[in-house]
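The values are calculated or read from the model by the stated rules, or taken from the named source; none is laboratory data. Keep in mind the model is a prediction, meaning the values are calculated, not measured. In this analysis, Cβ positions are derived from the backbone assuming ideal geometry, glycine residues included, and neighbour counts consider all displayed protein chains.
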Amino acid sequence: MLDKYRPGEKIKLYDSFTAKYELQQDIKESLLQNFKQNGLGTPDLIEGDFFETVPDKLASQYAFVHIDCGVGGNSILHQKIIIHLLNHVYPRLSKGAIMLFMDYHDHEKTLRGQPINIGVKAACDQFFKDKAEKVITLYGNHYSHGYILKT
């Protein structure tokens, strides 16, 4: 959509690129290959630890943010990362912006699935407890997700 409606602008993608998944593939190379195979422009990669790249390398405003920074089994660390991102990214969301959360699992609202990264819900519930926005659960097959619409 960005290529079609805002040519010349790039997606900003923040990642440490240190995680290895089941296939032990190079995540950064796989990501770039996916963009290329789909005829998309190369994203603006901001590589490094979130605590080092955020907030210094953030844009001034965002219309869409997808937070997916699963770090595996350490839910406390994951929660701290999400809180850090929310503290710095949320104020930069334009009115009507969407913020999507990977692995937001609410067992009361999810049809089925597993709480794979419990730090996501814990961080979101803590952060949004005094905000106008509340996280809305999205069905995501084996794992659920969530989003907010900035008011």
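Structure above, values below:
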quantity: Verdict on residue 116 being touching a residue at least 12 places away in the same chain (Cβ under 8 Å) and crowded, with 18+ Cβ neighbours inside 10 Å; calculated: no
quantity: Strands (runs of 3 or more DSSP E) contained in segment 75-151 and holding at least 1 residues modelled with pLDDT of 95 or more and among the charged types (D, E, K, R); calculated: 93-101
quantity: Segment 90-106 residues that are assigned by TED's automatic domain parsing to the domain that holds residue 151 and buried (at least 18 other Cβ atoms within 10 Å of the Cβ), paired with ones that are modelled with pLDDT of 95 or more and among the charged types (D, E, K, R) (beta carbon under 9 Å, 6 or more apart); calculated: 90/131; 90/133; 90/150; 93/150; 97/150; 99/133; 99/150
quantity: Total residues in segment 37-74, condition farther than 15 Å from residue 122 by Cα and either touching a residue at least 60 places away in the same chain (Cβ under 8 Å) or in a strand (DSSP E or B) (or both); calculated: 9
